[in-house]
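The values are calculated or read from the model by the stated rules, or taken from the named source; none is laboratory data. None of these values were measured; they are calculated from a predicted model. Every residue, glycine among them, receives a Cβ derived from its backbone with ideal geometry; neighbour counts consider all protein chains shown. To get the accessible areas, we keep the full protein, side chains included, count just its heavy atoms, and leave off ligands, DNA and RNA. Shrake-Rupley method; radii C 1.70, N 1.55, O 1.52, S 1.80 Å.
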Amino acid sequence: MSEQAYTATVSEAGDAWVATLPEVGEVRVDDPRYADFRLRELLGEQLGLRGHEQREDLELRLVDPEGRQVFGFLLLFNSYDTERPPEAYQEVRDDPPAGCRWYDSHYHAGLYCLRRGPTRLEAIASVVAEVRERYGLGTELNDLGFERLWEWYGSAEQGGDMVAHLLLMAVHRAELVGLSPEELVAFVTRVSGASAPER
């Protein structure tokens with residue numbers, strides 16, 4: 001298999017996103033999460049890769065037109081025991097964070113995002129923090145669309161989204177039962193075997 005790293009440019013195009021991989025092709029997607037998947041399909045066909053796992057092993061990086069790394073994801077509002085009226089979301093619907101678009105379905109509302117960041121977790125965290133600070137919606141933006149949380153997804157992108165989903169759920173539930181962010185950090189630090197940060 002080729003060890004080459006590939007870089008695709010993703011840009012907004014009306015109500016969609018267009019991702020272009022030089023000398024391979026272009027895809028148009030309504031959901032930014034699928035840009036990576038569709039490009040891997042095209043690249044896999046060009047390289048003669050038959051298996052899904054081989055395509056997932058390709059090193060593919062998405063960047064915006066300025067060359068900065070971006071990550072595509074869908075964040076959903078899920079308040080569980082404290083449902084808010086629709087007007088509570090009006091401000092974020094009308095003026096979403098940079099790189100995001102309002103998403104609405106019969107079951108959940110949320111944000112499609114193609115967000116800059118050094119890592120996938122940082123890109124997701126930056127949106128959640130901005131929604132908390134700008135719109136006062138707290139930790140209820142805590143769902144990345146996974147229903148079967150006990151199952152593992154093979155790609156780095158899906159795996160990263162699932163880790164973020166679990167962490168967001170943990171932050172939300174901790175807030176509901178009165179656990180502090182410091183307690184969560186101490187828990188993760190202890191169970192992972194990492195050193196506690198200097199105080």
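Miscellaneous remarks
- Given (1) at pLDDT 85 or above; (2) surrounded by 14 or more Cβ atoms within 10 Å (Cβ to Cβ); (3) not in a helix (DSSP H, G or I), index of the condition L167 fails: (3)
- Members of segment 117-140 found to be open to solvent by less than 20 Å² (accessible area, probe 1.4 Å), under 26 Å from A19 (Cα atoms) and acidic (D, E), listed by number: none
- Residue list for segment 89-116, filter: assigned to a helix (DSSP H, G or I) and open to solvent by less than 30 Å² (accessible area, probe 1.4 Å): Y89, V92
- Among residues of segment 40-55 that are farther than 15 Å from E23 by Cα and of a type in the set (A, V, I, L, M), none has a beta-carbon under 9 Å from a residue that is open to solvent by 50 Å² or more (accessible area, probe 1.4 Å) and at pLDDT 90 or above at least six positions away or on a different chain.
- Checked against (1) surrounded by 11 or more Cβ atoms within 10 Å (Cβ to Cβ); (2) assigned to a loop (DSSP other than H, G, I, E, B), R50 passes all but condition (1).
- E59 meets the stated requirement of being under 17 Å from T119 (Cα atoms) and at pLDDT below 90.
- Residue match in segment 17-36 (condition: closer than 17 Å to A156 by Cα, open to solvent by 70 Å² or more (accessible area, probe 1.4 Å) and not in a loop (DSSP other than H, G, I, E, B)): yes
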